[in-house]
Amino acid sequence: MRGGWFVRNYVLQELAHRQGDELLLWDSWGAMSDDLGGDTGADLALVEEVAALLLAGDGGDVAAERELAARYATDARLRPGPRVVSFSPTGEVRLVDLDTRAASPTGTWAADQQQGTLAVRSQPDTVG
């Protein structure tokens, strides 16, 4: 995996971990996606600000850590809600309820090595 979308998602993962939310590296929520095509300038600016605050916090800046905590608490794009989408290393895509830990299969994914992106395929309907 590579590309700007991967870095953006990693910044959001790092913020969640720093705030005490232990999620899997392949979980996705909020402002995460598998490309940058749908991002607005505001979304990218937000992630750049968070990345700068993470670096400042790494350097011991207590004010930066407080700002990260405040943003995480108030901006739903930065933290997981009640559910996340899990892109399992096995290729399955599941919607996971974080309260009950129940997982519902929603499809499969595969990496496009040439483009450095994910190709997600929906689960076929089994009604019939």
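The values are calculated or read from the model by the stated rules, or taken from the named source; none is laboratory data. Please read these numbers as outputs of a predicted model, since none were measured by experiment. Cβ coordinates were reconstructed from backbone atoms using ideal geometry, including for glycine residues, and neighbour counts include every protein chain displayed.
Condition (residue is hydroxyl-bearing (Ser, Thr, Tyr), part of a helix (DSSP H, G or I) and exposed (fewer than 11 other Cβ atoms within 10 Å of the Cβ)) applied to segment 89-99: is it met by at least one residue?
no
Can you find a residue in segment 25-32 that is more than 14 Å from the chain's Cα centre (by Cα), crowded, with 16+ Cβ neighbours inside 10 Å and at pLDDT 85 or above?
no
Can you tell me which residue among Thr108, Thr100 is at pLDDT 80 or above and not hydrophobic (A, V, I, L, M, F, W, C)?
Thr100
Tell me whether segment 43-50 contains one or more residues that are in a loop (DSSP other than H, G, I, E, B) and modelled with pLDDT under 85.
Looking only at segment 43-50, we keep the residues that are in a loop (DSSP other than H, G, I, E, B), and these are none.
There is no residue in segment 43-50 that is in a loop (DSSP other than H, G, I, E, B) and modelled with pLDDT under 85.
If you scan segment 53-86, which residues turn out to be in a helix (DSSP H, G or I) and surrounded by 13 or more Cβ atoms within 10 Å (Cβ to Cβ)? Explain how you work it out, then say what you get.
Initially, segment 53-86 is screened for residues in a helix (DSSP H, G or I), giving 53-58, 62-74.
The answer is Leu53, Leu54, Ala56, Gly57, Ala64, Glu65, Glu67, Leu68, Ala69, Arg71, Tyr72.
Out of everything in segment 9-24 that is at pLDDT 90 or above and surrounded by fewer than 14 Cβ atoms within 10 Å (Cβ to Cβ), what residue ends up being farthest from Val85 (Cα to Cα)?
Only one residue tops the list, namely Gly20.
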